[in-house]
Amino acid sequence: MKKTIKILIFIILSCYFKNTFAYDIYISPKGNDKNHGTKDSPLASLTGARNKIRELRKQGVNKEPINVIIADGVYQLNETLILSIEDSGTPESPITYKAEENASPTFIGGIYIKDFTKVNDYLWKAYIPEVVKYNWYFEQLYVNDKRATRAKSPNNGFYYIKDINETIIDKGNNKASLLAVQRISMDSNDAKCLQSFTLQDKTDAVVRFNHKWDNTIKHIQEINIDNSAFYTSGTGMKPWNTMDKKTRFVIENYKAALDTAGEWFLDRNGELFYIPLNGETIENSTFIAPIAKYFIVIKGNETDNKKVEFINFSNLNFQVAAYTMPVNGFEPAQAAATIDAVVMLDFAKNISFNNCEIAHTGTYAFWFNQACSNCDILHCYMHDLGAGGVKIGETIIRENNELLTHNIKVDNNIITDGGHVFPCAVGIIIFNASDNTLSHNEISDLRYSGISVGWVWGYKFSPSKRNRIEYNHIHHIGWGELCDMGGVYTLGASEGTVVANNVIHHVLSYDYGGWGLYTDEGSYGIIMENNLVYACKNSGFHQHYGKENIIRNNIFALNMIGQLQATRIEDHQSFSFTNNIVYFSKGNLLLNNWSKIRINTDLNCYWDTRINAEIKFGDLNWKEWKNQGKDINSIISDPMFVNPTAYDFRFKNKSIVNKIKFQIFDYSKAGVYGSPEWIKLSALSSEKIQLFDKITEKLVH
């Protein structure tokens, strides 16, 4: 009997220790990668910890979880953490890189610039010998934990193209010419800025063009002062989005543009100049110039489709990474699709990022690129981004379906203050990828779309299926800088994709195309339901063209120029529009061809708050519209919101909405969840909201 009890105790203890024992490796700012990696003898870097794990694997540590425990402090990220197949964990032995309890370690991918001196009370400078010795010429600078402005003209707003002519040098075989030269004319007063250009300025100055939904970045090849013109070169303009007289631009990085507080300029002789903001002193200011292009690169084996697996990152901060423009500039690419991220993953599975921070980048934050699956980004804070937040999938379609990225979860994240280098970037974009979930994210303060889904134009095959976009709060995007954007933007056949329970508001385009929900070219098989969309410039919903989409049980309220919009007339049913509430006080109910396309529209509630306003359905009145078989059971009636002018769209009573079988949903659930501090962090400042409103007043009359 005693022997049996001892055996049982041994089995129980064995199981207990098997499930609880973990191998811990320690990192400290005071560590050294030659140390043992214990708490008393810590390592110094993530790469050092990775190498230690490789040693442990060779020694047979394969059954226990491995924790890399990182002490509080600031770490210089001297090299990218590169993880390959040999760095994988297993279900029994996952690897976790995490902060020590109550710590918040920060990895900096740049170097501190010191020894500033005063040129005068309004200008500081520092000498950086590496600029001359190693041709180190950085394009971003962070002062006191904020992105500083590279010297540019004009200081506020944009210049406009007066005229543009393109000369094709080599047509090539693509739609856009292989090589071309653009002659760009400016207003003569604006062109005075070119008179100060030195030979070095002509080499280094950068022109940033915003045109429709894209941006183009070019060097200046030549200047014609007498004609107020300059020349750029590269590939020809894209026929579907040429630069024209509505194109706006700034000229950046020439010495004479350094004339405003908060601006900086790096001379090729190694002198870095900065004009301080009010309250800044040399003693209380820190300067960081980026070096790292990537923080983390995780890549499995493309040859045999082997994945890097079971690695977790928790409570870590990564800040300051560079983007360096190629010699030939940046040719326009929708959503900055060609731009990398500071965390790159290919052939990766069961990788998670929890409560991490990505800030001060020149590019995107994360990209789950080729053959990634079952990965998570949870409760992460992405801000001050050169591009956008998260990219999922590839821009090409592989013949081998096993290489398709799928089942990526992006939940409860804050993505804000982006598009500083690439205004056309998106908060979260799904290219060719399926079965992903984007939920409870706060997406704000971007220059283009909030969420984009799909990467096929028209009705060709698209692998982007069954994606779920739900409970996201998307707001204050566009800022009047680009066009053709949506809070949620879709492309191509997307059967099984659901866009639900999102709150979208304050989408502001420069010219056309500031929409809340936007089904663009070939969008197909998408359900959009239980969304609240308000205060968008052009309309709450717009379908360019698509088929068999379902738009139901949404609230579209107080949008500006119009409420509902559809463009292309097609033979098939474009979409169904049922059980929706459309509430407005300005503009038209319908724009473009809504009254002409094939739709099933019924059981909707329409209300115009203007006294004695007759709601028109295109050129038709209510009776004529119904006589066409449209909205037979719909109503024109006040839905009885609690306080719509304060954006409170709860209902005083249900009597009206019950008539259209509207299912009341709790829109307060959209956005991030968790601690009060986390929720507070997601909010935009009152100063930014007021600035957005001022820009809106200028653009919407």
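Elements of the type strands (runs of 3 or more DSSP E) sitting completely within segment 228-303 and holding at least 1 residues that are among the hydroxyl-bearing types (S, T, Y): these cover 229-234, 271-274. Consider segment 233-261 and keep the residues that are closer than 26 Å to Y137 by Cβ and among the hydroxyl-bearing types (S, T, Y). The one that is nearest to the chain's Cα centre (by Cα) is T235.
In segment 204-227, the residue that is farthest from A256 (Cα to Cα) out of those that are of a type outside the set (F, W, Y) and part of a loop (DSSP other than H, G, I, E, B) is K212. When segment 146-180 is filtered for residues that are of a type in the set (A, V, I, L, M) and under 18 Å from P332 (Cα atoms), the ones remaining, listed by number, are I161, I164, I168, A176, L178, L179, A180.
Determine whether N269 is within 29 Å of L491 (Cβ to Cβ), touching a helix residue (DSSP H, G or I) at 6+ places or on another chain (Cβ under 8 Å) and in contact (Cβ under 8 Å) with a residue 60 or more places away in the chain.
Values: within 29 Å of L491 (Cβ to Cβ): no; touching a helix residue (DSSP H, G or I) at 6+ places or on another chain (Cβ under 8 Å): yes; in contact (Cβ under 8 Å) with a residue 60 or more places away in the chain: yes.
Spelling it out, it is not the case that N269 is within 29 Å of L491 (Cβ to Cβ), touching a helix residue (DSSP H, G or I) at 6+ places or on another chain (Cβ under 8 Å) and in contact (Cβ under 8 Å) with a residue 60 or more places away in the chain.
For segment 658-683, which residues satisfy the criterion of being under 14 Å from V582 (Cα atoms) and either among the polar types (S, T, N, Q) or out of contact with any Ser or Thr (no Cβ under 9 Å at 6 or more places or on another chain) (or both)? Break it down stepwise before answering.
Here is the first cut: in segment 658-683, the residues under 14 Å from V582 (Cα atoms) are 660, 662.
F662, the sole residue that qualifies.
Based on what the data block shows, is E101 more than 31 Å from the chain's Cα centre (by Cα) and either modelled with pLDDT of 95 or more or in a loop (DSSP other than H, G, I, E, B) (or both)? So E101 fails the test. I555 is checked against (1) within 36 Å of the chain's Cα centre (by Cα); (2) farther than 23 Å from T497 by Cβ and fails just one. What number does that condition carry? Only one criterion in (1) within 36 Å of the chain's Cα centre (by Cα); (2) farther than 23 Å from T497 by Cβ is unmet by I555, namely (2). Name the residues in segment 336-346 that are in contact with a strand residue (DSSP E or B) (Cβ under 7 Å, 6 or more places away or on another chain) and surrounded by fewer than 24 Cβ atoms within 10 Å (Cβ to Cβ), would you? I339, D340, M344, D346, listed by residue number.
Counting residues in segment 458-477 that are farther than 26 Å from R650 by Cβ, hydrophobic (A, V, I, L, M, F, W, C) and either in a loop (DSSP other than H, G, I, E, B) or touching a residue at least 60 places away in the same chain (Cβ under 8 Å) (or both) gives one or more. Any residue at all in segment 219-237 that's surrounded by 15 or more Cβ atoms within 10 Å (Cβ to Cβ), under 17 Å from F422 (Cα atoms) and in contact (Cβ under 8 Å) with a residue 12 or more places away in the chain? Yes.
Can you go through A335, A371, A322 and tell me which one is at pLDDT 95 or above, part of a loop (DSSP other than H, G, I, E, B), on the phi > 0 side of the Ramachandran plot and not assigned by TED's automatic domain parsing to the domain that holds T242?
Working: A335 fails: part of a loop (DSSP other than H, G, I, E, B); A322 fails: on the phi > 0 side of the Ramachandran plot.
Only one candidate passes the filter, namely A371.
The residue that is farthest from Q663 (Cα to Cα), counting only those in segment 483-534 that are over 17 Å from the mean Cα position of the chain (by Cα) and of a type in the set (D, E), is D511.
When segment 422-432 is examined, which residues are found to be in contact (Cβ under 8 Å) with a residue 60 or more places away in the chain and buried (at least 24 other Cβ atoms within 10 Å of the Cβ)? Once the filter is applied, which keeps residues that are in contact (Cβ under 8 Å) with a residue 60 or more places away in the chain and buried (at least 24 other Cβ atoms within 10 Å of the Cβ), segment 422-432 yields F422, C424, A425, V426, I429, F431. Look at F617 and say whether it is surrounded by 15 or more Cβ atoms within 10 Å (Cβ to Cβ) and either among the aliphatic types (A, V, I, L, M) or closer than 23 Å to H505 by Cβ (or both). It is false that F617 is surrounded by 15 or more Cβ atoms within 10 Å (Cβ to Cβ) and either among the aliphatic types (A, V, I, L, M) or closer than 23 Å to H505 by Cβ (or both).
Inside segment 136-165, can you point out the residues that are in a loop (DSSP other than H, G, I, E, B), farther than 24 Å from I111 by Cβ and of a type outside the set (V, I, T)? Outline the logic, then answer.
First pass over segment 136-165, keeping only residues in a loop (DSSP other than H, G, I, E, B): 136-141, 144-145, 148, 151, 154-158, 161-162.
Now restrict to residues that are farther than 24 Å from I111 by Cβ: 154-158, 161-162.
Hits for segment 136-165 are P154, N155, N156, G157, F158, K162.
Please pick out the residue among N284, N317 that is of a type outside the set (V, I, T) and surrounded by fewer than 18 Cβ atoms within 10 Å (Cβ to Cβ). Talk me through it step by step, then tell me what you get.
On the way: N317 fails: surrounded by fewer than 18 Cβ atoms within 10 Å (Cβ to Cβ).
Checking each option against the conditions leaves just N284.
The values are calculated or read from the model by the stated rules, or taken from the named source; none is laboratory data. Remember, predicted model here, so these are calculated numbers, not experimental data. In this analysis, Cβ positions are derived from the backbone assuming ideal geometry, glycine residues included, and neighbour counts consider all displayed protein chains.
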